[in-house]
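Below: one structure, written as structure tokens.
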Amino acid sequence: MKFWMVIVVLVISYGSRACTTFFLKEKGALIFGMNYDWLFGRGYLVQNNKCIAKTAFEQKNPAEWVSSYGSITFNQYGIDFPICGMNETGLAIGVMWHVISIYPFFADKRKEIDNMQWVQYQLDNCSSVDDVIATDQFLRVNPVSKAKVHYLVADAGGNCAAIEFFHGRMKVSRGDGLPVAVLTNSTYHRTAARLDKYASWGGSRPIPSGSGTQDRFMRTAHHLCRDDTGHTSALAKARFVLKQAEQPDYTKWSIAFDLIAGRIHFKTLHTKHYRSFDVPEAAFECGSGLLLADIAAPGDVLLSEAWRPYSRDLHVDLVKGSFFNTPLLRYMPMKFLQSTWEYPETHECRIQMQAEKSVHQTNPQH
């Protein structure tokens, strides 16, 4: 039984209220925004290094790769299974529940990957929306995975796409097929088709104030498309839009990725104010080791001081805490938790591997 399959089966009732994402192009800036709406806000920021050799988690025909790019991700249920993130090229991806997703039914020649690890794969290997879409030719989501999600993807070139799965095939909404760059928890084209029913697009319905998926979509689209907000910067407007999409006590993280500046701004339900850091400040060299930062660190702690080297204890604490704080998951067999918290330790630094090989070749005493 797969890790993410169990998660979704047990908490699927929360899906219709989980997360809002958008992409803002304004005043020469590109901002990817996400509200993470969930049961709890415990989690870690992770510095994912480049030149790391990986094998997809628990697959019969696993994808294998060496990461080309470093990234910063927001993680709850384990390293390599991010909720959202941005890599050093300015590619950003966010995950949202989508209960009618249908992944490929049958095995084919493509390599397999879990639908949450799919996000990390793209951040590890891609620099554009086109790159992400092209991976469908050789990579498929594990067809037995019951996690029902879809994705919003954007890059530093100003491109954006909603990526969903229907009847075993990837469906991409972009360009004219993406009239507003917003995604919540309902099918993109069906929700966007209702835009003309609302006042902002010539209809009669007022902009809704509820927390349901369609209400959040319409409200976010309304504020995103307005030109009269009075904000002096795209970042200020993005924060305003995130605020309008918040669900009281349910929105645990609000995140704004600045794709051109390579800067991440975020706040939590409890820290209230935004903290920021530059992605280029991360070295991302595999020899430097994996770094984690507690998302819930006190607001007066400088983020640069919050990074800590990866340790088994830290990851066990994250995985156990996330499972035990999710209804019913606290009773999952320990072997599932163990395979998750041990997974990052199966990765290898390719540069280090090459260096060690060189030492052995040049020094016969080794």
(message) With the condition being of a type in the set (Val, Ile, Thr), in contact (Cβ under 8 Å) with a residue 12 or more places away in the chain and within 14 Å of GLU164 (Cβ to Cβ), I'd like the strands (runs of 3 or more DSSP E) fully within region 52-151 carrying at least 2 qualifying residues.
(response) 92-97
(request) Give the number of residues within region 78-112 that are among the aliphatic types (A, V, I, L, M) and within 22 Å of PHE32 (Cβ to Cβ). (result) 8
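Could you check, for region 191-210, whether at least one of its residues is in contact (Cβ under 8 Å) with a residue 60 or more places away in the chain and out of contact with any Gly (no Cβ under 8 Å at 6 or more places or on another chain)?
Narrowing region 191-210 to residues in contact (Cβ under 8 Å) with a residue 60 or more places away in the chain: none.
No, there is no match, as no residue in region 191-210 is in contact (Cβ under 8 Å) with a residue 60 or more places away in the chain and out of contact with any Gly (no Cβ under 8 Å at 6 or more places or on another chain).
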(request) Take GLU88 and decide whether it is over 15 Å from the mean Cα position of the chain (by Cα) and among the acidic types (Asp, Glu). (result) no
(request) Go through region 158-185 and count every residue that is touching a residue at least 40 places away in the same chain (Cβ under 8 Å) and assigned to a loop (DSSP other than H, G, I, E, B). (result) 7
(message) I want to confirm something. Restricting to region 261-289 and keeping residues that are more than 18 Å from the chain's Cα centre (by Cα) and aliphatic (A, V, I, L, M), which single residue is surrounded by the most Cβ atoms within 10 Å (Cβ to Cβ)?
(response) ALA282
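How many residues are part of a strand (DSSP E or B) and either without any contact (Cβ under 8 Å) to a residue 60 or more places away in the chain or over 19 Å from ASN125 (Cα atoms) (or both) when one looks only at region 33-51?
Taking region 33-51 and keeping what is part of a strand (DSSP E or B), we get 33-37, 44-48, 50.
Retained after the next criterion (residues that are either without any contact (Cβ under 8 Å) to a residue 60 or more places away in the chain or over 19 Å from ASN125 (Cα atoms) (or both)): 33-37, 44-45.
Counting residues in region 33-51 that are part of a strand (DSSP E or B) and either without any contact (Cβ under 8 Å) to a residue 60 or more places away in the chain or over 19 Å from ASN125 (Cα atoms) (or both) gives 7.
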(request) Check ALA107 against each of (1) surrounded by fewer than 16 Cβ atoms within 10 Å (Cβ to Cβ); (2) under 20 Å from THR20 (Cβ atoms) and name the one condition it does not meet. (result) (2)
(message) For region 88-121, give me the residue count where each residue is closer than 23 Å to ALA156 by Cβ and at pLDDT below 85.
(response) 0
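For ILE72, state whether it is at pLDDT 95 or above, out of contact with any His (no Cβ under 6 Å at 6 or more places or on another chain) and not small (Gly, Ala, Ser). Walk me through how you get there before you give the answer.
Details: at pLDDT 95 or above: yes; out of contact with any His (no Cβ under 6 Å at 6 or more places or on another chain): yes; not small (Gly, Ala, Ser): yes.
It is true that ILE72 is at pLDDT 95 or above, out of contact with any His (no Cβ under 6 Å at 6 or more places or on another chain) and not small (Gly, Ala, Ser).
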(message) Is it the case, given these coordinates, that ALA192 is under 20 Å from ALA256 (Cβ atoms), among the small types (Gly, Ala, Ser) and surrounded by 20 or more Cβ atoms within 10 Å (Cβ to Cβ)?
(response) no
(request) Among residues belonging to region 235-260 that are surrounded by fewer than 20 Cβ atoms within 10 Å (Cβ to Cβ) and charged (D, E, K, R), point out the one that is farthest from GLU26 (Cα to Cα). (result) ASP249
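The values are calculated or read from the model by the stated rules, or taken from the named source; none is laboratory data. The model shown is predicted, which means the values in this text are computed figures rather than measured ones. Glycine gets a Cβ as well: all are built from the backbone with ideal geometry, and neighbour counts include every protein chain shown.
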